1. For a quick check of your reading of the model, give me the residue pairs whose first member lies in the range 191-218 and is touching a residue at least 24 places away in the same chain (Cβ under 8 Å), whose second is among the acidic types (Asp, Glu) and part of a loop (DSSP other than H, G, I, E, B), with beta-carbon atoms closer than 8 Å and at least 6 apart or on different chains.
2. Kindly list the number of the only condition in (1) open to solvent by 10 Å² or more (accessible area, probe 1.4 Å); (2) touching a Ser or Thr at 6+ places or on another chain (Cβ under 7 Å) that fails for LEU419.
3. Which ranges mark the helices (runs of 4 or more DSSP H) fully within the range 183-228 that have 2 or more residues being within 21 Å of VAL286 (Cβ to Cβ), out of contact with any Asp or Glu (no Cβ under 9 Å at 6 or more places or on another chain) and at pLDDT 95 or above?
4. Among the residues that make up the range 143-151, is at least one of them more than 25 Å from the chain's Cα centre (by Cα), in contact (Cβ under 8 Å) with a residue 12 or more places away in the chain and open to solvent by 10 Å² or more (accessible area, probe 1.4 Å)?
5. Yes or no: the range 159-174 includes at least one residue that is in a helix (DSSP H, G or I) and open to solvent by 20 Å² or more (accessible area, probe 1.4 Å).
6. Within the range 151-180, work out how many residues are within 13 Å of ligand 1 (Cβ to nearest atom) and of a type in the set (Val, Ile, Thr).
7. Would you mind finding the one in VAL295, VAL281, VAL286 that is within 16 Å of ligand 2 (Cβ to nearest atom), open to solvent by less than 10 Å² (accessible area, probe 1.4 Å) and farther than 28 Å from PRO355 by Cα?
Amino acid sequence: MSTTSEVSAKPEAQGREVGVAILGHGTVGSEVRRLMEENAQDFAHRIGGPLALRGVAVSNPTKHSRTVPEELLFDDAMELIARDDVDVVVEVIGGIDYPRQLVLAALNAGKSVVTANKALVAAHADELAEAADKAGVDLYFEAAVAAAIPVVGMLRRSLAGDQVERISGIVNGTTNFILDAMDNTGASYDNMLAEATRLGYAEADPTADVEGHDAASKAAILASLGFYTRVNFSDVHCEGITGITADDIEAAKNAGYTIKLLAVCERITDAEGTESVSARVHPTLVRRDHPLASVSGSYNAVFVEAEAAGRLMFYGNGAGGNPTASAVLGDLVGAARNKVHGGRAPEENTYASLPLADFSVVPTRYYINMRVRDRAGVLAELSAICAKHGISLRTVRQEEAEEGARLILFTHTASEGDLATTVKELEAFEDVLAINSVIRLAE
Ligand code: NDP
Ligand code: HSE
């Protein structure tokens, strides 16, 4: 940012003041307010008029009295939104039901909204977009996916002239932080989850991170934007990392893989040429020489494959107060500019309305780690079960175990449905003592 003396040499920003309400002053909200104040003069020039903070709504005002002047602290967010001098509302509270009421109230009152709330956007996108359209105001949510990485704007604007085929990657910082530490240092799951919470990466309820719900919300948003088709949170197949053990990580390592929680959104074309959309989140084995394997800590990476652009990769800070504030403030500058000069952000557009693919037809590959009775002929019988369902085995490794033998199977690509049926049958087979884990493999 410019120094004060450089700024004072620039002409005054001439446009009108834009009133801003910030709802939430936690990890993200406090950074948004701080950076908005520190960079006020630059923002005024970029917008064409100054931003004026009208208030900050929190649940416990006394907690914030050292950083926010008393007259700007509100314990009733609705009261702040309703003020005539508020033009743009920044929602960084989190959750779904209450923020939904707040955001709808703001949009219905003709205020533009900037939110970082992926859970809200992924659950109520149609309703929110409709309210924004009706009022002719902006609804921005860049920070809702991969924090500082500008993937929402990239899909909304930069790739609007292309045909997106696939969007995949690591979109949850907390789980990447945990898996990376477990892989690199053998740190425990519980300790690393506590550390991710302390660092401000995790959601207020970290279950949303570790169960994959946060990544599923982001996948829903990415798929909706990329395929011009409404995909809601409930449409995304979702598996989290709570079942991943140190043993899985060790076995993956020995086989040359690391485990990442991936979100995959893709356009699927069947033999008749009918297109559908699949969105899913699950732990995935990634080869150690794959670019995703080196995405460490709370970093995120998103790959986009588009017809004309080819393969694109976006990488950066996917969680935390500062990176998220960067995305929120970019949206705030955009919304404020439109208030000063007129115009609107690109609207939500779901004209393609592609059907959702049945999860069972999605092509995938499995890694199966199981314990079997150590007797002659077992391997042949297990292979026969796989073959019966058209599953071809790519590699099979046998290791000694305390009881029986450990078998590690890597399959070739098959449909999700056939692979799931095969695992069920293996589970029921008398010589299989336990299926320790089943993890999909990245293509
Ligand atoms: P925090 O839990 O740190 O902060 C939440 C804030 O909301 C607190 O200031 C809290 O007030 C306030 N609040 C809670 N309930 C109310 C209420 N009823 N009325 C007014 N204010 C209320 O959350 P984060 O900053 O981490 O996250 C905010 C949003 O940003 C979430 O939607 C999250 O998913 C999203 N996000 C977060 C990222 C991150 O890395 N943290 C990254 C990308 C998106 P008080 O302080 O008084 O308790
Ligand atoms: N809890 C989220 C994560 C915050 O860990 O990625 C960023 O959206």
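The values are calculated or read from the model by the stated rules, or taken from the named source; none is laboratory data. Everything quoted here is computed from the prediction, not taken from an experiment. Neighbour counts run over all protein chains shown; Cβ positions are idealised from the backbone, glycine included. Each accessible area value is taken on the protein alone, full model and side chains, heavy atoms only, with ligands, DNA and RNA left out. Shrake-Rupley method; radii C 1.70, N 1.55, O 1.52, S 1.80 Å.
1. Listed by first residue and then by second, the contacts come to ASP209/GLU203; GLY212/GLU239; ASP214/GLU203.
2. Just one mismatch for LEU419, condition (1).
3. Per the criteria, 213-227.
4. No, every residue in the range 143-151 fails to be more than 25 Å from the chain's Cα centre (by Cα), in contact (Cβ under 8 Å) with a residue 12 or more places away in the chain and open to solvent by 10 Å² or more (accessible area, probe 1.4 Å).
5. Restricting attention to the range 159-174, the residues satisfying the condition of being in a helix (DSSP H, G or I) are 173-174.
Then drop every residue that is not open to solvent by 20 Å² or more (accessible area, probe 1.4 Å), which leaves none.
Looking through the range 159-174, none of the residues is in a helix (DSSP H, G or I) and open to solvent by 20 Å² or more (accessible area, probe 1.4 Å).
6. 5
7. Exactly one of VAL295, VAL281, VAL286 is within 16 Å of ligand 2 (Cβ to nearest atom), open to solvent by less than 10 Å² (accessible area, probe 1.4 Å) and farther than 28 Å from PRO355 by Cα, namely VAL295.
Table: residues versus (1) surrounded by fewer than 20 Cβ atoms within 10 Å (Cβ to Cβ); (2) of a type in the set (A, V, I, L, M).
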| residue | (1), (2) |
| --- | --- |
| VAL302 | no, yes |
| LEU312 | yes, yes |
| GLY318 | no, no |
| LEU329 | no, yes |
| ASN349 | yes, no |
| SER353 | yes, no |
| PHE359 | yes, no |
| ARG373 | yes, no |
